[in-house]
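The values are calculated or read from the model by the stated rules, or taken from the named source; none is laboratory data. These figures come from a predicted structure and were not determined experimentally. Here the Cβ is made from the backbone with ideal geometry for all residues, glycine too, and neighbour counts use every protein chain on show. With ligands, DNA and RNA removed, areas are computed over all heavy atoms of the protein, side chains included. Shrake-Rupley method; radii C 1.70, N 1.55, O 1.52, S 1.80 Å.
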Amino acid sequence: MINRRSTVTALVGIGVAGLAAGCLSSNSGGSGSNGSTASGPGKTTIEVMYGLGPDTEPGFKADVSKWAKDNNITVKFTKSASWDTEIRTRVQGGNPPDVGLFPQPGLMCDLARQKKLVPYDDATVATDKETLVPGFVQAGTCADGKVYGLPNEVSVKSIIWTDAPAFKALGVQAPATLDDLLTLTQKIKSEGKTPWCIAAESGQATGWPITDWIEDLVLRIAGPDNYDKWVKGELKFNSPEIKPAWEYFQKIAFGDGYVRGGTKSIPATNFQTGGNALFTQPPGCYMFKQATFVANKGGFPDSVIAKLDTETNPIPFPAKTAGNNSVLVAGDIAAAFNNDANVLKLRNFIASKENGTEQAKNGAFSPHKTADVSLLPNKTLQKIATDVLYKATAARFDGSDAMPAKVGAGTFWTEPVKWLSGQQDLDTTLNNIDASFPKSGS
């Protein structure tokens, strides 16, 4: 899966901040309704708007087009290069699409709060919940307790990539717990090798890969419920529940000899290619935490991607307690802007277990545990699906995407860079992020 952060996340601040400031009033002329009951004769042409990348878009269009043909409906596919800005503009102008795929649950709930979206009916939610990875229904649930979005596809972030031959030569087992991971890190260092590649450079968005590290650790150390409270601003970054995640990361990122190039190199090392040292001879590092997009062109070397099943060995980011694994994901959540009968049917199909056959062939993961993993194009992705995503006890969407933009696409990126660069200590970093979090009601 590609990482859309590199192309659109820099715009989140504009889109979400504008929404939070009230740029979209509840009477701005949108066509949304707060009722989940379908109405009208059923539109014969339905517009679907999304920001899918080139790996996911062809399969999505193929799956939806087949459904549309079977249902005598024409679908207008509208691709957005900057989702947050464009959807905000269209809703403000009273011309939203019929269905939108939201990469950020927070932005979706902003629009739901303004009565611009139609919630799912209880029966559809109940049916989907039977097969969805635990947590995905909650991700699409907004402050009023109604479900406005359910996922079309997801990418998996809770992955540690290794070079298969090099990792095997270490003669170690994949870590089952966070304590095991520290022990493995120390063992690799004791043998005169560098355990980790960590990379956070991303142009104007430099620092965002650190948010994935922290989110995965909060999800494990603090637990899913506290993760939710943290994302909502109910728990501070420097709280007793959340700070231990940062302290764990500090042990690795600041450990003597633990990171290739040292701590200060992390913000200067590109997030896409920063793990390529796994595959040098001798290896420049032995572990690299990054989402599944890194196994596509522009990430790992082409020679590695061509032989992904034999060259790499992805292992799950370990749990705090063995067997209690949560998973951090990104993805696109389907929501409807009006309650036309056919619009709701299409939205419901996009979120259903029946969708995703062609997307899977292009490497997209279904959020439904019943998905046929054999459709995924290689054994590496099949292993990630079965061993990480579908074994998860709880799933959560990227937390920074749901936080206020001033934090999630602001201080949560910039303050850790200052910390890693030696400009400030951890408490200063956390206190500065907390100080930037908008006060409730402001």
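General observations
- Once the stretch 71-111 is narrowed to residues that are under 16 Å from residue 57 (Cβ atoms), out of contact with any Pro (no Cβ under 8 Å at 6 or more places or on another chain) and of a type in the set (S, T, N, Q), the residue that is modelled with the lowest pLDDT is 82.
- Answer residue from the stretch 50-81, given it is assigned to a strand (DSSP E or B) and out of contact with any Leu (no Cβ under 9 Å at 6 or more places or on another chain) and is nearest to residue 360 (Cα to Cα) among those: 77
- Any hit, the stretch 381-396, residues being in a strand (DSSP E or B) and within 24 Å of residue 252 (Cα to Cα): yes
- Test result for residue 97, of a type outside the set (Phe, Trp, Tyr), open to solvent by less than 10 Å² (accessible area, probe 1.4 Å) and in contact with a Lys or Arg (Cβ under 6 Å, 6 or more places away or on another chain): no
- Hits in the stretch 140-154 - residues which are open to solvent by 20 Å² or more (accessible area, probe 1.4 Å) and either among the aliphatic types (A, V, I, L, M) or closer than 17 Å to residue 383 by Cα (or both): 143
- Pair list, Cβ under 6 Å, 6 or more apart: the stretch 60-78 residue open to solvent by less than 70 Å² (accessible area, probe 1.4 Å), other residue in a helix (DSSP H, G or I) and hydrophobic (A, V, I, L, M, F, W, C): 67/349; 75/64; 75/68
- Pairs, first within 17 Å of residue 193 (Cβ to Cβ) and free of Cβ contacts under 8 Å to residues at least 40 places away in the same chain in the stretch 257-277, second open to solvent by 30 Å² or more (accessible area, probe 1.4 Å) and small (Gly, Ala, Ser), C-beta under 9 Å, six or more apart: 261/268
- The residues in the stretch 212-231 that are of a type outside the set (Val, Ile, Thr) and closer than 14 Å to residue 412 by Cα can be counted, and the count is 4.
- Out of 295, 319, 277, 306, sole residue that is open to solvent by 40 Å² or more (accessible area, probe 1.4 Å) and more than 26 Å from residue 109 (Cα to Cα): 306
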